[in-house]
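Bear in mind these aren't lab numbers, they're just calculated from the coordinates by the rules spelled out. Only a predicted model underlies this, so the values are computations on that prediction, with no experimental measurement involved. For neighbour counting, all protein chains shown are included, and Cβ atoms are generated from backbone atoms with ideal geometry for every residue, glycine included.
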Amino acid sequence: MRNNIVHIGAGELTYEIRAIVKIAEQLAARGIPVQLENIGDPVAKGEPVPAWIKRVVSDLTLQDCSYAYCPTKGLLETREFLAARTNGRGGAQITAEDVVFFNGLGDAIQKVYGLLRREARVIGPSPTYSTHSSGEAAHAGQSPICYRLDPDNQWYPDLDDLRLSVKYNPAISGMLIINPDNPTGAVYPEEVLREMIDIAREYDLFLIADEIYQNLVYNGQTTRPISDLVGDVPAISLKGISKELPWPGARCGWMEVYNAGRDPVFDLYIKSIVDSKMVEVCSTTLPQKAIPLILGHPEYPAHLERRRKRYERFSNLAYQLLRPLPGVRVNRTNGAFYMSVAFADGLLSPHQTLPIDDPEVRVMVEGLVGAPNTPLDKRFVYYLLASTGVCVVPLSSFHTALRGFRITLLEPDEDHFVEIYRTVGRAMEDYLAS
Ligand SMILES: Cc1ncc(COP(=O)(O)O)c(C=O)c1O
């Protein structure tokens, strides 16, 4: 090329959660049955969508207006519905103008980081959901800046680490909180959130709270949405329907802006996000029409409660099955539907293997894990996949120095779920002993 046309942050855009599926597909083509425990799509994993939700959506398909563009920020009646729900909690007060729809939160996340000034950094958790860390790093053209989530303290944020990082890095302008968390399944208590907000206030940062799992909290835990606690700190809450309904294929999520108008720089930044949406025209119309009808439906609370109960049960099963294994750090998940399993430091080595029956597959895996600088947990994950068919995601791809993997709680059949976790447990023991 005449000039280098590659963006400075291009190398930061990786999504191992889906990349590994390519390998799984190659294995499946060779006749190895594959269990996909890598991606957070309950519907793809066989969770049935209730008939009443299907009826709401199918009725909407009969209306011509469902096929039209909607306003840039989204349908007014849906934004009013969502603003009223937030206002009804008594915390941050917003209007429909503070609610902006996107084509899924993935789209919102790209815009939130993509429209930041290059030098302005957002500190996020480590490990972190990689769409955030990749988006932030790509905008800056540098590695993400992180605060530590502590595997020895229920994966809660290390608040000293957070405070010191913010104090000594003046480029940090925002703080990301993911609560409940992906990839750890942690749910932060109110005191932790209050301390994080205090740090943001003290150092004049804005907050990004990814709350897509806010209503999937179980095991008797309680937490608060950021709107309850944010006070006067400028903040963006990211919410969506992919996980909660669940309807990930709708590609529909929204942001709520708290304390717009309190800071002129924050206002200009939010305006740039809306302007960028305007250039793009608008987001998907039909799911926005469905939101008030589904979230306001008399069957919705019981539907959500059933889902919470199911994840609670499977979270406890997973914990019972993996916790006794020596050399691993696991916490019971209290929200969302992922579990992070970390190997104790120094346990993994580049010589460990698992038996792989098919010689061609073995050669393929050896080639893949033989690439220079392959993280040791990626090596484990590939051997696990080729040896047992269980597909998980290496923890190293969630921007952390910890080595382990993320596995979902989504397999709906309980016996099968237990079998998958038993298989993973046995494979971990065999791998470490090899
Ligand atoms: C924490 C978090 N935020 C955002 C998203 C993206 O969701 P969406 O389907 O709305 O793009 C996910 C998806 O897994 C997620 O886990």
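Treating only the Cβ atoms of Lys and Arg (+1) and Asp and Glu (-1) as charged, compute the dipole magnitude of the stretch 180-311 about its Cα centre; round to the nearest 20 debye.
800
Less than 16 Å apart at the alpha-carbon level, and either on another chain or at least 8 residues along: which lysines does that give for K378?
Counting by Cα, and skipping residues close in sequence, K378 has these lysines nearby: K22.
Sequence gap at least 6, Cα distance under 8 Å: using those rules, report the relative contact order of the chain to the nearest whole percent.
It comes to 22 percent, rounded to a whole number.
Return the single residue from D64, D107, D228 with maximal mean-square fluctuation; model: Gaussian network over the chain, springs between Cα atoms under 10 Å.
D64
Hey, if you put +1 on the Cβ of every Lys and Arg and -1 on every Asp and Glu Cβ in the stretch 67-295, which of P71, N169, P292 ends up farthest toward the positive end of that dipole?
P71
Counting only C-alpha contacts under 8 Å and six or more residues apart, can you give the relative contact order of the stretch 67-295 as a whole percent?
Values: 422 pairs, mean separation 65.3, N = 229.
Computed value for the stretch 67-295: 29 percent relative contact order.
Would you mind putting 330-339, 346-355, 383-392 in packing order, based on average other-beta-carbon counts within 10 Å, highest first? Working shown, then result.
On the way: 330-339: 25.0, 346-355: 13.7, 383-392: 23.2.
Result, highest mean Cβ count within 10 Å first: 330-339, 383-392, 346-355.
Provide, for the stretch 67-295, the number of lysine pairs with alpha carbons under 22 Å apart, each pair being eight or more places apart or on different chains.
The result is 15.
Among W52, G261, A342, flag the residue with its Cα farthest along the positive direction of the charge dipole of the chain, charges on Cβ as +1 for Lys/Arg and -1 for Asp/Glu.
W52
Over what distance in Å are the Cα centres of the stretch 126-200 and the stretch 43-114 separated?
27
Set Lys and Arg Cβ to +1 and Asp and Glu Cβ to -1, take the dipole of the stretch 67-295 about its Cα centre, and tell me which of V230, L205, P248 lies farthest positive.
P248
Given charges of +1 on the Cβ of Lys and Arg and -1 on the Cβ of Asp and Glu, with all other atoms neutral, how large is the dipole of the chain about its Cα centre, in debye to the nearest 20? Present the calculation step by step, with values, prior to reporting the outcome.
Numbers: 44 positive and 53 negative charges, 78 e Å.
Approximately 380 debye in magnitude.
About the Cα centre of the stretch 67-165, what is the dipole size in debye to 20, counting +1 per Lys and Arg Cβ and -1 per Asp and Glu Cβ, all else neutral? Could the numbers behind the result be given before it?
Values: 10 positive and 12 negative charges, 60 e Å.
With Lys and Arg at +1 and Asp and Glu at -1, about 280 debye.
Remind me, what semi-axes does the stretch 67-295 give for its equivalent ellipsoid, largest first in whole Å, using sqrt of 5 times each Cα gyration tensor eigenvalue?
26, 20, 17
Gaussian network model of the chain, Cα springs within a sub-10 Å range: biggest mean-square fluctuation belongs to which of L245, L395, L164?
Judging by the Gaussian network model, the answer is L164.
What ranking, highest mean first, results for peptides 358-369, 133-144, 417-428 when packing means the other Cβ atoms within 10 Å averaged over each residue?
133-144, 417-428, 358-369
Starting from the 7 Å offset along Cα-to-Cβ, what nm value, one decimal, do you get for the label separation of A29 and A68?
Each label point lies 7 Å from its Cα, and together they span 4.6 nm.
Name the most mobile residue of D59, D377, D158, meaning the one with the largest mean-square fluctuation, in a Gaussian network model of the chain with Cα contacts below 10 Å.
Residue with maximal mean-square fluctuation among D59, D377, D158: D59.
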